[in-house]
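Asks: Below is the structure I would like to discuss, written out as structure tokens.
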Amino acid sequence: MRNSVLIAIFSGLLFFSFMFTACKHNPALPDIVDPIDTTGLDTTGQTEVLCDSNVVFFQQQVLPLLISSCAISGCHDAITQEKGIILNSYANIIKEIKPFDLNGSEIYEKITEDKADKVMPPPPMARLTPQQIAIIATWIQQGAKDLSCVQSSCDTSAVGFAKDIQPLIFNTCKGCHSGAGAFNGIHLDSYDGIRSAAVSGKLYNVVIGNGISMPPSPSPKLNNCQIAKIKIWVADGAQNN
């Protein structure tokens, strides 16, 4: 009798333990990863966290910029492979980067080169702006990790060209749509050019994938918040505000 009672009690404890474990949920969002960790490069794969203005995220900020300005036909796309260098993915880009070291990073050296015959992107393509160079520099100094982020919220209450639209277009589209070789003759390197594409309907249609989809693969597509801001800006008259 005593043994039967003990067995029953033990079985009940096991069942309770199982039910407690089964009902335990993982957090809805992962913890934010500190990109300043100097213990070494994270090679375990992409880590997705909430977007943070103090962190440069490779997938949202660096990759679109390098694909638009460098991984294009005649330069460092998968077909051309100028000097055997392809800049269309993290795995390929990190080969030209030394994490935490600007001077040891080939890409940073090229985009800050003073000599016209060595600077990248090469003429007649537009050089990267100081702000774009700063994005890449900060990314390298933070460890050049393959980080991605998701927006916790989307503020569309006061969308402006200077604050929202121009930086977005410059970092994802300008490289292909500037200079003498602008793709399809569409120039997105100035307000007038961007406004022209906006009022014609071309800008919004391509970012939502209606017909031609832009930015082109393998660059990440614009997220819902970015697309919403473009839609609102165009609907408000595509002003230079």
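The values are calculated or read from the model by the stated rules, or taken from the named source; none is laboratory data. Here the structure is a predicted model, which means the values were calculated and not measured. Quick reminder, even Gly has a Cβ in these numbers, built from the backbone with ideal geometry, and neighbours come from all protein chains shown. Ligands, DNA and RNA are stripped out before the accessible areas are found, and what is left, the full protein with its side chains, is counted by its heavy atoms. Shrake-Rupley method; radii C 1.70, N 1.55, O 1.52, S 1.80 Å.
Asks: List the lysines whose Cα sits under 19 Å from the Cα of residue 118, skipping any in the same chain fewer than 8 residues away.
Replies: 83, 110
Asks: Note down the net charge around residue 69, summing +1 for each Lys or Arg and -1 for each Asp or Glu among other residues with Cβ under 10 Å from its Cβ.
Replies: +2
Asks: Cα-Cα over 20 Å: which of 174/221; 98/163; 145/174; 95/174; 145/231; 163/229?
Replies: Exceeds cut-off: 98/163; 145/174; 95/174; 145/231.
Asks: Also, I was wondering about something else. How many percent of the alpha carbon pairs in segment 152-197 exceed a separation of 12 Å?
Replies: 62 percent
Asks: Could you work out what % of the accessible surface of segment 87-209 is carbon and sulfur, using a 1.4 angstrom probe and leaving DNA, RNA and ligands out of the count?
Replies: 52 percent
Asks: Counting only residues 5 or more places away or on other chains, whose amide H sits under 5 Å from the amide H of residue 49 once H atoms are built in the peptide plane?
Replies: Those lying under 5 Å, H to H, from residue 49 are 148, 149, 150.
Asks: From the phi angles alone, apply the Karplus equation (6.51, -1.76, 1.60; θ = phi - 60°) to segment 183-192 and give each ³J(HN,Hα) in whole Hz, x where the residue is Gly or Pro.
Replies: 4, 6, x, 9, 9, 10, 9, 8, 4, 4
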